[in-house]
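The values are calculated or read from the model by the stated rules, or taken from the named source; none is laboratory data. These figures come from a predicted structure and were not determined experimentally. Note that we place each Cβ from the backbone using ideal geometry, even for glycine, and neighbour counts take in every protein chain shown.
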Amino acid sequence: MDKRILQAVEACVKCGICRGVCPVFREEKQEPFVARGHIALFAELIKGNIDFREETSKDYLYKCLLCTTCVEACPNDAPTDMIVEFARYHVIKHHSLPLYKRVMARVMKSRTLMDLAHRTSGLLSGLLFERIENAPREATRVRFTAADSDKMEVLPPVKSGRSFIQKYKTGSLERATVAIFPGCLINYTYTDVGDAFVKILKRLGISFMVPQDQPCCGAPIFASGNLKDAEQLAKRNIELVEKLNVEKVVVLEPTCASFMIHEYERLFMYLEQPEWEKRARKAAEKIIDPVKYLFHFTQIKSKLNQTRLKTTYHDACHLKRTQKVYMEPRELIRAASNFTEMKGADVCCGNGGTFSVDYPELSKKIASRKVKNIVKTDADHLIVGCSACMMQLTAALHREGFDGIKTMHTLELLAMALEV
């Protein structure tokens, strides 16, 4: 085991500050679901005293959003997320993944299968889903449900047209200023967000390319503890970044960007592959969030016009905490709208990828707290820099009857402000 993992365990002094910031502990109020509880459990795991054989004990590791709020708050900089990730890997080595996560990994490793799933769901969308009128954002719900409460489940629209990658087909080695990696949600579902970024680049005269051979980043697979399948995707992405003749690789989804910048290196540390760890660190130097890129490498701020929208902003965990992109979106949003800061803007929305699938009621409770703070700002638009957060908060606003507050991605606001 790498000494850095053991150092992470030893960094925790059991002070309990993590209890006051953890969104899961706020709802569950049980020690195993907070950072120091995770660390204590992992210490027993590596000693061989526990193996998480029982399903309830696995919850102690999987009922974690990996939002890194505890990491940010820790006075000793204990990387709890590292411990949870590695502990999940050990659990998966001894116990199988749930069937749906095994299927998810199989599909995500193949762009052909993902495209096929997208086309199939698009063809069936009219039969299976119905449009929700006047939702905070274009959304659907399942037509046929077993209970009335299920009717409140809000899903993003299933697009039947081309994916973002297919729409902007370019050669993978073509010379351009930036390469765009949309991430799976923007590629297949929130393609409007990707379109907005393309409009911005064209307006600013910046050349771009969209490599057709880019795979999924592998973040959902990695977060489940399935490091071996995540390894395949990480290596393919690193090799692609290495051969691209561009100044920057702009990754539109914060989780994908954070994973490629920070977690690829950790992945190969866990797998004890130092050469790939080094290559991951080098590739990360070229990867950047779109708002950070626009703020630091273009003149977009001077070109923005006021839209007169009343806005507030939610910080995506993997944007604010892991990539440290906090000030840039606020400055641009203020330039483009009438902005009001919300209380707890950087508190996790409760999505957490498959967390919202595995623990839906807990996920909704966490999102409900966020809705209360959004409403207090009197904003008519909630600006979000992450598609997963946008999906989560669109559903939460609709569930609680606040359809008048529209959700919009930061890139969509900026594209609008350039056109006013």
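Below, the figures for the structure above:
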read-out: Residue list for the range 358-375, restricted to those being surrounded by fewer than 23 Cβ atoms within 10 Å (Cβ to Cβ), more than 28 Å from A415 (Cβ to Cβ) and in contact (Cβ under 8 Å) with a residue 24 or more places away in the chain; value: D358, Y359, L362, K364, K365, S368, R369
read-out: Filtered residue count, the range 77-97, keeping only those that are surrounded by 13 or more Cβ atoms within 10 Å (Cβ to Cβ) and in a loop (DSSP other than H, G, I, E, B); value: 4
read-out: Positions within the range 313-347 being crowded, with 17+ Cβ neighbours inside 10 Å and in contact with an Asp or Glu (Cβ under 7 Å, 6 or more places away or on another chain), in sequence order; value: D315, L319, K320, R321, Q323, V325, A345, D346
read-out: Members of the range 350-403 that are of a type in the set (S, T, N, Q) and under 21 Å from E28 (Cα atoms); value: N351, T354, S356, S363, S368, N373, Q392
read-out: Close pairs from the range 218-243: first under 20 Å from V103 (Cα atoms) and assigned by TED's automatic domain parsing to the domain that holds M260, partner among the basic types (K, R) and outside any helix (DSSP H, G or I), Cβ under 7 Å, at least 6 apart; value: D229/K109; Q232/K109; L233/K109
read-out: Residue, surrounded by the fewest Cβ atoms within 10 Å (Cβ to Cβ), within the range 6-58, restricted to residues that are part of a helix (DSSP H, G or I) and among the acidic types (D, E); value: E55
read-out: The range 254-273: number of residues that are in contact with a strand residue (DSSP E or B) (Cβ under 8 Å, 6 or more places away or on another chain) and either of a type outside the set (V, I, T) or without any contact (Cβ under 8 Å) to a residue 40 or more places away in the chain (or both); value: 3
read-out: Filter pass, K301 being surrounded by fewer than 24 Cβ atoms within 10 Å (Cβ to Cβ), out of contact with any Lys or Arg (no Cβ under 7 Å at 6 or more places or on another chain) and not small (G, A, S); value: yes
read-out: Cβ pairs under 6 Å, 6+ apart, first in the range 345-357 and within 16 Å of F222 (Cα to Cα), second among the aliphatic types (A, V, I, L, M) and outside any helix (DSSP H, G or I); value: G352/L65; F355/L65
read-out: Only one of F42, F25 that is modelled with pLDDT under 90 and either touching a Gly at 6+ places or on another chain (Cβ under 9 Å) or of a type in the set (A, V, I, L, M, F, W, C) (or both); value: F42
read-out: Filter result for the condition that a residue is under 21 Å from the mean Cα position of the chain (by Cα), farther than 23 Å from R4 by Cβ, touching a residue at least 12 places away in the same chain (Cβ under 8 Å) and not assigned by TED's automatic domain parsing to the domain that holds D315, over L185, L204; value: L185
read-out: In the range 1-44, the residues that are in contact with a Pro (Cβ under 6 Å, 6 or more places away or on another chain) and at positive phi; value: none
